[in-house]
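Asker: Sharing a structure with you now.
The values are calculated or read from the model by the stated rules, or taken from the named source; none is laboratory data. What you see is a predicted model; the values in this text were computed from it and never measured. Neighbour counts are summed over all protein chains in view; Cβ atoms, including those assigned to glycine, are modelled from backbone coordinates with ideal geometry.
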Amino acid sequence: MFRLTEYFDPWYNPYWTILQQVGVDGAISKLDRRFDGEWNNSGDTPWSYPVLHDMKHRYERHGFELLGIEDYPPMDKLRMGLDGREQELEWVLELIRNMGRLEIPMLCYNWMGAINWVRTEIDRPSRGGAWVTAFRHADMADEPTWAGSVPAEQMWAAWEWFMDRAVPVAEQVGVRLALHPDDPPIGEVRGVSRIFNSIANYERAMDYVESEANAICLCQGNFALFHDDIAGAIRHFGKRGRIAFAHFRDVDGTAMDFVETFHDEGKTDKVAAMQAWIEVGFDGPIRPDHVPTLHGESNDDPAYAWLGRIHAAGYLQGLRAAAMHGRG
């Protein structure tokens, strides 16, 4: 049975207690960057062993098991195959080794160069006036990034170079590398190509290195923008044992023009998706992702306000119970 988890900063706030009260006991963490301005003097980076050790035990003291890290050192040169990627590789390998020492089993990463996930609206009115995020390609700024034009072949070559060096280390220390899809899953963003935006390209990635360490973060919201059958994708990759982590969320629209939704709305058959997770015997972490901002909440961190997370956790628990009941 999968572990219901949540993604949150590695320093306590009262919502940690609320998460436990509603049945969430697994944590997916960011790196602890509170002392970023000082780590060059102390010698301890956010991915160093002492900082990760303190972070893990902080979660444990509050009743959470740290099941993965969804963050990373600087990686843009590494992703795009630019000068300086060797140093970034060493930082990532240090993170992987330290995670292995601490028995943190999964690192979620992405291959979006220069710009991470992109939205053109962060306060689209939704049900009851809640705010959700949206993307419309026609509204996106089109000026190049600092990286200029980066073709798909360069992104693929850089990813393969990374895999050749990272997978042996990850295998040695028992860490799975979970590859998140591009968000949005379109061909390029402001001149920088995106390559993890189709089932075929994920097949290519999984075939490149046949290893448990080379795995997928199956983000249902992104997969739904390039594949009509989410349950089928779960079965396909899940039966191969290649899914290490999942994001449970939904959207309406297309990759070029979409809006994120409440977890109980959207285009995906979420009952079928939950049945597929149970059918393949997935026992890794699943977390709700990209929630609406509800009445009275700040929208300073769009898609990551707290009240929507509580609603989403309860919705996933209900889906899971119903799917299990249906199996007899």
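Asker: Which one of ASN98, ASN110 is touching a helix residue (DSSP H, G or I) at 6+ places or on another chain (Cβ under 6 Å), among the polar types (S, T, N, Q) and buried (at least 19 other Cβ atoms within 10 Å of the Cβ)?
Answerer: ASN98
Asker: Return the only residue of VAL280, VAL251 being among the hydrophobic types (A, V, I, L, M, F, W, C) and more than 20 Å from the chain's Cα centre (by Cα).
Answerer: VAL280
Asker: Scan the stretch 302-326 residue by residue and report those that are farther than 19 Å from THR5 by Cα, of a type outside the set (Gly, Ala, Ser) and without any contact (Cβ under 8 Å) to a residue 60 or more places away in the chain.
Answerer: If the condition is that a residue be farther than 19 Å from THR5 by Cα, of a type outside the set (Gly, Ala, Ser) and without any contact (Cβ under 8 Å) to a residue 60 or more places away in the chain, then HIS325 is the only one that fits.
Asker: Now, a different point. Pairs only if they're at least six apart or on different chains, beta carbon under 7 angstrom, first in the stretch 253-265 and in contact (Cβ under 8 Å) with a residue 24 or more places away in the chain and within 11 Å of ARG127 (Cα to Cα), second assigned to a loop (DSSP other than H, G, I, E, B) and acidic (Asp, Glu); list them, first residue then second.
Answerer: Close Cβ pairs satisfying both conditions: THR261/ASP250; GLU265/ASP250.
Asker: Among the candidates ASP250, ASP229, single out the residue that is of a type in the set (Asp, Glu), within 26 Å of HIS325 (Cα to Cα) and out of contact with any strand residue (DSSP E or B) (no Cβ under 8 Å at 6 or more places or on another chain).
Answerer: ASP229
Asker: Kindly indicate which of GLY314, GLY284, GLY308 is surrounded by fewer than 22 Cβ atoms within 10 Å (Cβ to Cβ) and not basic (Lys, Arg).
Answerer: Of GLY314, GLY284, GLY308, the one residue that is surrounded by fewer than 22 Cβ atoms within 10 Å (Cβ to Cβ) and not basic (Lys, Arg) is GLY314.
Asker: Looking at the structure I just gave you, is ARG242 more than 15 Å from ALA255 (Cβ to Cβ) and modelled with pLDDT of 95 or more?
Answerer: Considered against the rule, which asks whether it is more than 15 Å from ALA255 (Cβ to Cβ) and modelled with pLDDT of 95 or more, ARG242 comes out as yes.
Asker: Which one of ARG327, ARG242, ARG287, ARG309 is of a type outside the set (Phe, Trp, Tyr) and in contact with a helix residue (DSSP H, G or I) (Cβ under 6 Å, 6 or more places away or on another chain)?
Answerer: ARG242
Asker: Of everything in the stretch 76-92, what is buried (at least 18 other Cβ atoms within 10 Å of the Cβ) and either of a type in the set (A, V, I, L, M) or outside any helix (DSSP H, G or I) (or both)? Give them in sequence order.
Answerer: If the condition is that a residue be buried (at least 18 other Cβ atoms within 10 Å of the Cβ) and either of a type in the set (A, V, I, L, M) or outside any helix (DSSP H, G or I) (or both), then LEU78, MET80, GLY81, LEU89, VAL92 are the ones that fit.
Asker: Quick one: is TYR7 among the aromatic types (Phe, Trp, Tyr) and assigned to a helix (DSSP H, G or I)?
Answerer: No; evaluated as a whole, the condition is false for this residue.
Asker: Please pick out the residue among VAL271, VAL251 that is surrounded by fewer than 18 Cβ atoms within 10 Å (Cβ to Cβ), of a type outside the set (Asp, Glu) and at pLDDT 95 or above.
Answerer: VAL271
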